[in-house]
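All of the numbers you see were taken from the coordinates with simple rules; none came from a lab. Since this is a predicted model, take the numbers as computed values, not measurements. Counting neighbours? That spans all protein chains shown, and the Cβs are built from the backbone with ideal geometry, glycine included.
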Amino acid sequence: MMDQIHQSRHVKLVQRILATVAILYRPISLEELPTLLDIPYRASGNDKAMTEIIDVCGSFLTLRERTISLIHQSAKDFLPSKARNEIFLSGLEDIYHTVFS
């Protein structure tokens with residue numbers, strides 16, 4: 001699963017999306033995501049591009065009716081513990097700070 005993410009041409013963006021979704025207490029909509037991340041305009045306003053980026057996270061995330069959520073609780077447990085160094089590159093605290101801001 002992590003290899004698929006690292007092979008993506010959008011690896012940095014995918015990592016930020018996974019880190020953000022992993023710490024949230026509720027699912028997030030496609031419209032909310034750009035406010036939490038620095039997503040390029042051409043991707044944030046393009047549903048097809050955003051869907052393709054979310055699809056790279058297919059083993060962790062699902063997109064239903066424009067709502068992004070973790071596939072299963074095990075994904076929420078795995079990301080901050082086992083994949084912490086691969087997903088939370090700037091640190092867990094930085095992701096919380098960004099979401100809070």
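Tabulated data
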item	result
Tensor-based shape of the range 62-101 (alpha-carbon gyration tensor, a/c under 1.5 rounded, otherwise prolate or oblate)	oblate
In the chain, trypsin sites (Lys or Arg not before Pro) in a DSSP loop with at most 10 other beta-carbon atoms within 10 Å	ARG9
Three-way shape call for the chain based on the alpha-carbon gyration tensor, with the a/c threshold at 1.5	rounded
Gain on full stretching of the segment that runs from ARG64 to THR51 - 0.36 nm per residue minus C-alpha separation	3.7 nm
Extension gain from HIS97 to SER29, taking 0.36 nm per residue of separation minus the Cα-Cα distance	22.5 nm
Helix-only [θ]222 nm of the chain, DSSP H runs n ≥ 4, -39500 (n - 2.57) each, per residue, nearest 500	-15000 deg cm²/dmol
For the chain, built as a Gaussian network whose Cα springs stay under 10 Å, the top-fluctuating residue of ALA22, ALA75, ALA49	ALA49
